[in-house]
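K.L.:
Submitted below is the structure of interest, expressed as C-alpha cells.
The values are calculated or read from the model by the stated rules, or taken from the named source; none is laboratory data. Keep in mind that what you see is a predicted model, and the values were worked out from it rather than measured. As a convention, Cβ positions derive from the backbone with ideal geometry for all residues, glycine included, and neighbour counts pool all protein chains shown.
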Amino acid sequence: MRNITRQKVSYISIVIIAMMAVTAYLGISYASAGLYAHAARFYDRLHFRDAEVVSTQLLSADDLAELRATEGVADVEGVYTVNSRLVHGSDRKNVSVVSLTERINTVDVKEGRLPEHTNECVLEQELAAGLKIAVGDRIRICGSDETPPEYLQVGDFTVVGIVLHPDLYGMPVAQIGDRYVLVPKDAFDRDALEGCYMKAEVLYEKADGISVYDDGYLKDAKVVTDRLNEKKDARAALRSAEVRKILADKIEDGQRTLDDGKAELVDARKTLDEKTQELLDGEQKLKDGEVQLRDAEEKLADGKKQLEDGEKELTENRQKLDDAKAQLDEARAELDDAKAQLADARQQLIDGYAKIERVKTQVRNGIKDAVAAALGQEFCDSIEWASPSSVDPDKENASASRFRITKNLTVTIESLDSVVKKTVTQILKGTEYESRTDEIIGKILADARYQEIKKPYARLTSGIRQWNSAHKQYIEALHKYQDGEAQYQEGLEQYNEGERLYAEGLETYQKGLAEYEEKRKEFEDARQQLADGRAQLEEGRKLLSDGEAEYAEAVLKYEDGVRKLDAARERLSKLDDCRWVVLDVSGNVGYYHAQTSARNISRIGMTFSLLFVLVGALVIYATVGRMVEEQRKTVGTTKALGFFNREILLKYLTFGLSATLIGVVLGIALGYFVIEKIVLVAHQTFYVDGTMPRAFQPVPTAIVAVLAAVLSAVSVWTACASLVRSPARELMQERVPKAQKKTKKRTKSRLSLYSRLILRNVRSDKKRVIVTVVSIAGCCTLLLIGFTLYYGITTAISRQFGDITRYEQTIRFDPDVETAKDEITGILDAEGLSAAQVRMENLMAEGNGETSPYLVIAAKPDAIGRYFTLRDAETGEPFVPAGEGIYIHKRMSETKGLKTGDAVTLYDAKMNPHAVRVAGVFNNYFGTYAFLSEEGYAAAFGDAPTANALWIAGCPDPEALKEKLSPIAGYDGTEDLSEQRKSADQIGSILTLVTGVLILCAGMMAYFILLNLTGMYLMQKQRELTVMRINGFTTKEVIRYVSRETVFTTALGIVFGLGLGALMGWLILRFLEQDHVQFVRTVTPVGMLLAAGITVLFTACINAIALRKVRNLKLTDL
Amino acid sequence: MAETDKKLAKATWRIMEQLLEVENLDEALSGSLEIIVQTLDCEAGAVWILDPETDRLSPLTHIGPIDLSGITVENGVGIEGVVTQSGRSVMIADTLKDPRYEGSIFDDQGVPVKTLLCVPLNNLHETIGCVIAVNKADGTLFEDDELRLCERMASLAAITIDEKGLSLPAQEEKRVMISLKDIIKEFPSGESTIRVLKGINLDIYENEFVVVLGESGCGKSTMMNIIGGMDFATSGQLIIEGKDFSHPTDDELTRYRREYVGFIFQSYNLMPNLTALENVQFIAEIAKDPIKAEDALKKVGLLERANNYPAQMSGGQQQRVSIARALVKNPKIIFADEPTAALDFQTGQEVLVVIEDIVKNQGTTVVMITHNAEIAKMANRVVKLRAGKIASIKRNAHPLPAAEIIW
C-alpha cells in the first residue's frame, strides 16, 4: 500500500492502460455481441424465414407441398409479391407489394393494426417515414403507366398500420432495394394467379431460441438448404411444362376472341359510314337556312330603320302640334279677354248714348216747349217731333253728334242757338210762319225755358265728344278683335288640319310597327330552328366521332390483341425454362449487413486491443522495473535480511496485479457503459428495430480478466527477473553502466559529450525508454489510425461525389411508355437542364460462385463520360466503356475475387442468365456500379440498351422538378444522389466520431502514461539535474539536456507509430469496407503530418507539465 | 547575590584553567572571552590587541553577531582605544546616560551598544590591549561585580601573554570577496515561520580557507546556500565583489554559480553515466575560463582513473573527481559541504590535502562546512555558528597542515 501511494502516478498509469486495453477489446466485443443479439432477437420475434424460394415462373401449390415435404423443413408459406409504384400525393416510389403471411416472416405492428379488408394495407416503417405517410392515409399502387399492376386486384389502399418486416432489418441506407407495402392475400388476383405464388418462405426445424447468427444454426441450416437446392431443378422443369401448356391454351382462346372481335368491327364500320352521310345532308340544309335567315335579317333591319324614322317624324309633329295648340289656346284666352272688354265698352257706349239721348230729349223738349210757347200748342203738336233714338255702337258711323229733333231734321251738334234756328227754320219752312221765322226764332230764343236748357246742352256737348272718342276707340278695338278672331279662326283651322294629318300618320306608323313585330317574330323562330338544327348536327357529329373513336379503339385493341397474341406466341416459342432460386438467411441484405458489421467491429476491437495490450504490458514492465531499480538497495537489504525471493516478488506482483485488475474492472465498466453504447448508437441508425440494448459477455470478460492478470504477472516477473537472480550483495551496490570501451572510443570521436551521455542514459534505462517510445508510438498510432479513418472516408466521399459521380439526380422512366422520355426531356429542356440517357438496371450478378447486386449502367460513351468518371483502378487513367464485357468497381473485384477476363453471369429481372466477361476494373467508393458499353450490352442481352433513366445535374430545385414530372405517364420517379451521399456522410460521421475517440484515447494515453514516464525520468534524474543547476547550468540548459532524450524518444516513437498506424489504419479500413463501400486506404501525408504533429504537441505539453519540476528544482535539497 | 558570586567565582576558575593550562594562547584567549560572554550573558565581546608599531588595535578574537576580522582601530579612539590608552577599566552602565561614552566599534559595525564593560590588558609595563563585553541579553545593565570578573580575566590574560608571548599574525590587507550583513533567513513552517539565520554578519576574504563549524541545524548549510547562490536571504545584504547581491535574479545567480563558484558535496553527486573525465568535462563545457579537465584530474591525482565510471571508484576517489569538477571551472571560491563526512579517515585526509592544496597553490578561497572541529584547525578562520547566529569568529594565526590533522 505504501508502494502504491508513493508510486501514485505509475500505479494510475497501469490502471489506465489496462483499462484502455480492456475497454477497447471488451467494449467493441460487447458491441459486436449487442449487434448480433439485437438482430437475432428481431429475427426470432418475427419468425424470420430460414430460406426463401423464388421461382421465375411462380410456384404452384404442388411446389409448396414438395417444399414442405423436404426433410428438416418445418413450415412453408406462399407469398404474393409484385413490384409496383406507390403514389401518395406527388410522391412516387417504387415498392414491393407483398402479401401478409401468418406464420413465417410475420410483421411487427408498430402503429395501427393489420388489414382487415382487401383495400387496406400496412407499410414498412421506413417506407412510411420516408414518404411521411401516416395511418389513415390513402395510397395508390400502380404500374409505371399508372394502371393497377398485374395480379393486384385493388389499386387504392387505406394505410391501417406501420410495421417492421423481417426482410427489411436494415435501414434504407444499409439495405438497398424496394421497401414493402403489405396487403392481405385477397388483394391479389388469386384467380389470375391460378393458385400459384411468387415465392415461398420456408421455416426449418430448429431448436427454440437458437440465434440465426449461431454457427451451429448456420451449419444445420446449410444441410436443409442443400436439400432444397437438390430439388429445385426438377421442380422448375415441371413448372416450365405446365406454364407452356397454360400459355398455349390461352393463345388459342385469344385467337378465338380476336376473330369474333374482327367481325364486330366490320359491322360497326358500315353503320358509321351511313351515319356520316346523314350528317353531311343535314349540314347542307343548315347552310341554306342560314342564307335565308341572313336575307330576312337584312330586310328586318331596313323595316326597323323606316319605322324608327317614322316614329321620329311623328314625335316631331306631335311636338309641333302641341306647341300650336298651346299658342292657339293662348290666343283664345286673349281674344276672350278682349271680347269681354269689348262687351263692357259697348255697354258703356250704349249706356252713355242713352244718357246723351236723355239730355237731347231734355233739349228737344225745351225746344218743343219753346215752340209750343211760340207757336201754340197746336202747332207744336203738328210737328212730328223725334223721339229719343237708340244707337248700335257696332256701326262705324254711329255717332252721338247727330241730334234728331224732328223726324226730318237731324242736326249736328253746334251751338244751341244755331240748332234752334235750324230747327225753327225747318219747321217753319212751308208753313205760315215761314215769314215770321226770324221773329219766332227770336221769340223762342228769348223764351225762358229755352234759357233753361242751355246748361244741359253744354253738358251734352262734352258728353258727345267723349262718347264719340270712346266709340272711336271701341271701333278700333272691335276691328282689332275681329282681326284677331279671324286670325285665330285661321290658326284653329290650320291646327285642326294638322291634328287630322298627325292622326293619319300615327295610324300608318302603328300599322307598320305591328307588321315589323310580326316579321321579327317570324325571323326569331327561323333562327331558333336553325340553332336547333345546328345543335342536332353537332350532336350527330359527336356521336359519329365517338363512334369513330370507339371504333379506332376497338381496332387498336384488336391490333393490340393481335400483337399480344403474336407476342404470346413468340414468348411461348422462346419461353425460358423455369428457374428456382433458393436464398438462405445470408441472402437477405439486412441480415448480411448486420452480420458483416458485427464481424468487422469485433475485428477492429481485436486490432485495437492488440495495440493497447502491447503498450500495457510494456508499461507494467517499465513501471515495476523502475520501482525495482529504485528500491534495489532496499530489496538487496531485505534479501540480505533473509526474505525469500517470492516474498519480495509478491510485493511487486501485488502492485502490478492490483493496478491491472482495477484497470480491468474500470475497463469492463467503461467498455460496457461507454464504448458499447457509442458503437451501438452509431450502428442503430442502420437498423429499423429501435434502440439496441447493451449486451454483456461473461465468458470473454472472464477470459480477458484472467489474461490481463497473467500478462501483468508475466510483465512484473520479467521486470523483477534481475532482482530475483542477483545476490543481495550486488543489489546493495550502485549499478555500473555497461560501457564498452570499443563503442566508447568509436562514439567519442563522433558524438558530443551530450549525445554520448544521452545514449548512455538511454542504454542504462532501456525499459523506461522503450516504454516511452512504445507509448509515443501507440499515441501516434492511434492518431494516425484516427486520421486514416477520417481521411479514408472524407477523401472517398469527396472523390466519389466530386470526381466520380457528377450527376445529381436520376430520373427513371418506363421505356415502354413511348412518350415518357420525350415529355420528360421537354420539361428538362425548358428548365435548361441537359440530361444524359442511360440504361440503369439493378441486376444480380454471379462471379466466382458469389452472387451480389450490381447497378448495371449501359449508355453511349459521351453520356457516361459527361456524368461519371471511370478511372482505371491500376493506373488511375480515365476511360469510357468500349467493346464487349463488363467494367466492375474495385471493391467488387476484391470481395468477389474477380479480375479482368473473369466470367460473370448477369441475371435479368426474370432471372435469365447472361454471360459476360470482366473487361476492366475502375475506382469507385460508394455504390455497386458496373458499366457496359452499348455494344457490350447488346452482346450480353441480345438487344441494344434502351434508355430507362436520365442523369441530370445542376437542377436548382429538384422537388419542384419532381412536381412537374410527376403527371407524365411513364415517369418512374427521381432518385437523388444526395440520398447516397447522405448514407456516405453517415458513415463519415461515425468514423469522425471514432477519430475523435481515438484522439481522446491518444491524449489519455499520452497524459497518463507519458506523464508517468517523464515524471519517472525526472525523478530519477533529479539529483543530476540539481547538481547541474548548482554548477551553473541555466534552467534552459537543463531543460534542453532533459529534452534531448524526449526529442529522441518522440522521434523514434513517431517513426514506429506512423508505420504501425498506417498498417492498422489500412487494416481497420479494410474491415469497415462493405461490398458497396470502399475507402481511400492510402495514408495521406496530411494524416501523417497531423498524427506526428499532434503526437509532438502531446509530448510537448506533457513535457511542459513535467518540466515544471526542473524550474522548481530546489538547489538546497541536495 | 550569593548565587551571582558563585557563578562569577566559577567563571573565574574556568578562565584561570583556560589561560594557565592551555598550550595555544589564541584559543585560550578566545575560550576565556567565550566564558565571559557566557557568564555575563552578553550579546558580543572581543579581545583587542595593540600593535605598537602601527599604534592600532586589531581584534584577536571576537564573539557576537558581527564580523570584526580585518578591522583595526586607532589607539585612543572609541571606548576600546580610550581604555587601551588610559589603561583603566570603564563600565558604562547606560550609554545613553553616561557622558563618558563616545562610541565603540560595535556601534560602527551595527551593534548598538546599550551597556558595556571594557577592561585593559595591563602587563607589568604597559597596556597591550583590551577586553570588551557589550549588551546583556536580558536587557539589564552591567554591574560592578561583572566588571571585576572581566578585570580578573584581563589580569590573568595579560600575565599569560607576558609569560607565553603573543605573536600577532602580520595583518595582511586582504580583499573582501563576499560580505554578509544582517542576513536573515526564514522558512515557513505551518502558519508561523522559523528563523534559521537570525542576522549573520560575515566577510569572506580573498584566498582564505574558512571553516564553518556548528551543530546540526544551526544554519550553516543555509548560510552556505545563500553565499553559494543557491538560495535567497529573507533580508539583509549580500555583497559579492562589491556588488549588491541581496536581491539577485535567477539569471544572475546562475551566472554567479557558473563563473565564480565551485561546489563539493558530501555525497559527491557525480553523473553515473559519465566517466571521471567526462564528469569534469561536462562542467568544463559551460565554464567561462576552464582549465583542462585532465589537468583538474591530475591535480586531484586521479588521471589514471579518468575513464572509470563513478560506480567503479571508491568514495574518496569519487570525492576527488567531485573536487576536480569544482576546480575545472577555475572558480574564485569553492564551497565544500562536509566533503569528508562520508569518508573514512584515510580518504578524508586525502581529500583535505587536495583542498588545502587548492587554497595554497591556486589562490582560491574555500569555504568548508564541517562539524568536525579538528578540521577547523587547518582553516585561516573558523566561524562558529550557534542557533542561527555567529557565535564566534576566530583567526588561526597558525593553521595546521591537513596532513597533520587527526580525528
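K.L.:
So A:Pro967 clears everything in (1) touching a helix residue (DSSP H, G or I) at 6+ places or on another chain (Cβ under 8 Å); (2) surrounded by fewer than 17 Cβ atoms within 10 Å (Cβ to Cβ) except one condition, right? Which one?
P.N.:
Here A:Pro967 clears every test but (1).
K.L.:
Kindly check whether there is at least one residue in the range A:293-303 that is surrounded by 11 or more Cβ atoms within 10 Å (Cβ to Cβ), in a helix (DSSP H, G or I) and touching a strand residue (DSSP E or B) at 6+ places or on another chain (Cβ under 8 Å).
P.N.:
Scanning the range A:293-303, I find no residue that is surrounded by 11 or more Cβ atoms within 10 Å (Cβ to Cβ), in a helix (DSSP H, G or I) and touching a strand residue (DSSP E or B) at 6+ places or on another chain (Cβ under 8 Å), so the answer is no.
K.L.:
For the range A:487-516, which residues satisfy the criterion of being of a type in the set (Ser, Thr, Tyr) and farther than 23 Å from A:Asp336 by Cβ?
P.N.:
Residues satisfying the conditions are A:Tyr502, A:Thr508, A:Tyr509, A:Tyr516.
K.L.:
Checking the condition within 14 Å of chain B (Cβ to nearest Cβ) and in contact (Cβ under 8 Å) with a residue 24 or more places away in the chain, which residue from A:Ile990, A:Ile1039 passes? Can you show your working first?
P.N.:
Values: A:Ile990 fails: within 14 Å of chain B (Cβ to nearest Cβ).
Answer to the check: A:Ile1039.
K.L.:
Step by step: first the residues of the range A:1000-1021, then only those that are surrounded by 21 or more Cβ atoms within 10 Å (Cβ to Cβ) and under 30 Å from A:Thr795 (Cβ atoms), then the one that is farthest from the other protein chains (Cβ to nearest Cβ). Which residue is that?
P.N.:
That would be A:Cys1001.
K.L.:
Find all pairs meeting these conditions: Cβ atoms under 8 angstrom apart; at least six residues apart or on different chains; first residue within the range A:1022-1036 and more than 7 Å from chain B (Cβ to nearest Cβ) and farther than 20 Å from B:Asn330 by Cα; second residue of a type outside the set (A, V, I, L, M, F, W, C) and part of a loop (DSSP other than H, G, I, E, B).
P.N.:
Filtered contacts from the range A:1022-1036: A:Thr1026/A:Lys1114; A:Thr1026/B:Asn269.
K.L.:
State yes or no: is A:Tyr925 touching a residue at least 24 places away in the same chain (Cβ under 8 Å), closer than 16 Å to A:Asp822 by Cα and of a type in the set (Phe, Trp, Tyr)?
P.N.:
So A:Tyr925 fails the test.
K.L.:
Considering (1) over 24 Å from the mean Cα position of the chain (by Cα); (2) at pLDDT 90 or above; (3) of a type in the set (A, V, I, L, M, F, W, C), say which one B:Met223 fails and leave the rest.
P.N.:
With respect to (1) over 24 Å from the mean Cα position of the chain (by Cα); (2) at pLDDT 90 or above; (3) of a type in the set (A, V, I, L, M, F, W, C), B:Met223 is out only on (1).
K.L.:
Restricting to helices (runs of 4 or more DSSP H) lying wholly in the range A:1-53: which have 2 or more residues that are within 30 Å of A:Gly216 (Cβ to Cβ) and of a type in the set (Phe, Trp, Tyr)?
P.N.:
Passing ranges, in order: A:28-45.
K.L.:
Of the conditions (1) surrounded by fewer than 17 Cβ atoms within 10 Å (Cβ to Cβ); (2) hydroxyl-bearing (Ser, Thr, Tyr); (3) facing chain A (nearest Cβ under 8 Å), B:Thr234 satisfies every one except a single condition; which number is it?
P.N.:
Evaluating B:Thr234 over (1) surrounded by fewer than 17 Cβ atoms within 10 Å (Cβ to Cβ); (2) hydroxyl-bearing (Ser, Thr, Tyr); (3) facing chain A (nearest Cβ under 8 Å) leaves (3) as the failure.
K.L.:
Count, please, the residues in the range A:903-916 that happen to be more than 11 Å from A:Leu843 (Cα to Cα) and surrounded by 15 or more Cβ atoms within 10 Å (Cβ to Cβ). Even if it seems obvious, please write down each step before you answer.
P.N.:
Taking the range A:903-916 first, the residues more than 11 Å from A:Leu843 (Cα to Cα) are A:903-904, A:915-916.
Remaining after also requiring surrounded by 15 or more Cβ atoms within 10 Å (Cβ to Cβ): A:904, A:916.
Going through the range A:903-916 one residue at a time, the tally reaches 2.
Residue-wise test of (1) part of a loop (DSSP other than H, G, I, E, B); (2) buried (at least 18 other Cβ atoms within 10 Å of the Cβ).
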| residue | (1), (2) |
| --- | --- |
| B:Thr61 | no, yes |
| B:Leu68 | yes, yes |
| B:Glu80 | no, yes |
| B:Thr84 | no, yes |
| B:Lys97 | yes, no |
| B:Phe106 | no, yes |
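K.L.:
Specify the residue that is nearest to the other protein chains (Cβ to nearest Cβ); the eligible residues are those in the range B:298-345 that are in a loop (DSSP other than H, G, I, E, B) and of a type in the set (Lys, Arg).
P.N.:
My answer is B:Lys329.
K.L.:
Now for a different question. Cβ-Cβ below 9 Å, separation at least six or inter-chain, first residue in the range B:204-230 and closer than 22 Å to B:Lys174 by Cα, second assigned to a strand (DSSP E or B) and of a type in the set (Asp, Glu): which pairs?
P.N.:
As it stands, the answer is B:Met224/B:Asp337; B:Gly228/B:Asp337, since those pairs meet every condition given.
K.L.:
Which pairs do you get when a residue that is under 11 Å from B:Lys299 (Cβ atoms), found in the range B:351-368, comes within reach of a residue that is of a type in the set (Lys, Arg) and part of a helix (DSSP H, G or I), reach meaning Cβ atoms under 7 angstrom, with the pair 6+ apart or on two chains?
P.N.:
Between residues of the range B:351-368 that are under 11 Å from B:Lys299 (Cβ atoms) and residues that are of a type in the set (Lys, Arg) and part of a helix (DSSP H, G or I), the close pairs are B:Val354/B:Arg320.
K.L.:
Given (1) surrounded by fewer than 23 Cβ atoms within 10 Å (Cβ to Cβ); (2) modelled with pLDDT of 90 or more; (3) more than 12 Å from chain A (Cβ to nearest Cβ), identify the lone condition not met by B:Leu277.
P.N.:
(3)
K.L.:
Identify the single condition in (1) closer than 30 Å to B:Asn307 by Cβ; (2) buried (at least 22 other Cβ atoms within 10 Å of the Cβ); (3) small (Gly, Ala, Ser) that A:Ser755 does not satisfy, given that it satisfies every other one.
P.N.:
Unmet condition: (2).
K.L.:
Spot the failing condition for B:Lys220; the list is (1) more than 25 Å from A:Arg1111 (Cβ to Cβ); (2) away from every other protein chain (no Cβ under 14 Å), and only one is missed.
P.N.:
Single failed check for B:Lys220: (2).
K.L.:
Which of the residues that make up the range B:258-274 are more than 22 Å from the chain's Cα centre (by Cα), crowded, with 19+ Cβ neighbours inside 10 Å and within 7 Å of another protein chain (Cβ to nearest Cβ)?
P.N.:
Result: B:Arg258, B:Asn269, B:Met271, B:Asn273, B:Leu274.
K.L.:
Mind counting the residues in the range A:64-90 that are surrounded by fewer than 17 Cβ atoms within 10 Å (Cβ to Cβ) and either aliphatic (A, V, I, L, M) or at pLDDT below 90 (or both)?
P.N.:
Of the residues in the range A:64-90, 6 are surrounded by fewer than 17 Cβ atoms within 10 Å (Cβ to Cβ) and either aliphatic (A, V, I, L, M) or at pLDDT below 90 (or both).
K.L.:
Still on this structure, I have one more. How many of the residues in the range A:546-575 are among the small types (Gly, Ala, Ser), at pLDDT 85 or above and exposed (fewer than 13 other Cβ atoms within 10 Å of the Cβ)?
P.N.:
Total satisfying the criteria: 2.
K.L.:
What residue, among those in the range B:240-257 that are surrounded by fewer than 16 Cβ atoms within 10 Å (Cβ to Cβ) and within 10 Å of chain A (Cβ to nearest Cβ), is nearest to A:Leu753 (Cα to Cα)?
P.N.:
Here the answer is B:Asp251.
K.L.:
Output the number of residues of the range A:831-850 satisfying the condition of being free of Cβ contacts under 8 Å to residues at least 12 places away in the same chain and farther than 13 Å from A:Ile952 by Cβ.
P.N.:
Of the residues in the range A:831-850, 1 are free of Cβ contacts under 8 Å to residues at least 12 places away in the same chain and farther than 13 Å from A:Ile952 by Cβ.
K.L.:
List the strands (runs of 3 or more DSSP E) that sit entirely inside the range A:775-863 and contain at least 3 residues that are out of contact with any helix residue (DSSP H, G or I) (no Cβ under 7 Å at 6 or more places or on another chain).
P.N.:
Working: elements: A:809-813, A:836-847, A:850-859.
Filter on the range A:775-863 gives A:836-847, A:850-859.
K.L.:
Taking only the range A:756-785 into account, find how many residues are of a type in the set (A, V, I, L, M), more than 55 Å from the chain's Cα centre (by Cα) and either within 14 Å of chain B (Cβ to nearest Cβ) or closer than 15 Å to A:Phe1008 by Cα (or both).
P.N.:
Residues in the range A:756-785 being of a type in the set (A, V, I, L, M), more than 55 Å from the chain's Cα centre (by Cα) and either within 14 Å of chain B (Cβ to nearest Cβ) or closer than 15 Å to A:Phe1008 by Cα (or both): 8 in total.
K.L.:
What number of residues within the range A:1011-1046 are closer than 28 Å to B:Lys288 by Cβ and assigned to a helix (DSSP H, G or I)? Let's see the steps before the verdict.
P.N.:
Applying the first criterion (closer than 28 Å to B:Lys288 by Cβ) to the range A:1011-1046 yields A:1021-1045.
Still in the running and assigned to a helix (DSSP H, G or I): A:1021-1030, A:1035-1045.
Number satisfying all stated conditions: 21.
K.L.:
Take the range A:195-213 and flag every residue that is surrounded by fewer than 16 Cβ atoms within 10 Å (Cβ to Cβ) and either within 23 Å of A:Val582 (Cβ to Cβ) or modelled with pLDDT of 85 or more (or both). Quick ask: steps written out before the conclusion?
P.N.:
Here is the first cut: in the range A:195-213, the ones surrounded by fewer than 16 Cβ atoms within 10 Å (Cβ to Cβ) are A:195, A:205, A:207-210.
Result: A:Gly195, A:Glu205, A:Ala207, A:Ile210.
K.L.:
Output yes when any residue across the range B:40-55 is touching a residue at least 24 places away in the same chain (Cβ under 8 Å), over 26 Å from B:Val176 (Cβ atoms) and not in a loop (DSSP other than H, G, I, E, B), and no when none is.
P.N.:
Looking through the range B:40-55, at least one residue is touching a residue at least 24 places away in the same chain (Cβ under 8 Å), over 26 Å from B:Val176 (Cβ atoms) and not in a loop (DSSP other than H, G, I, E, B).
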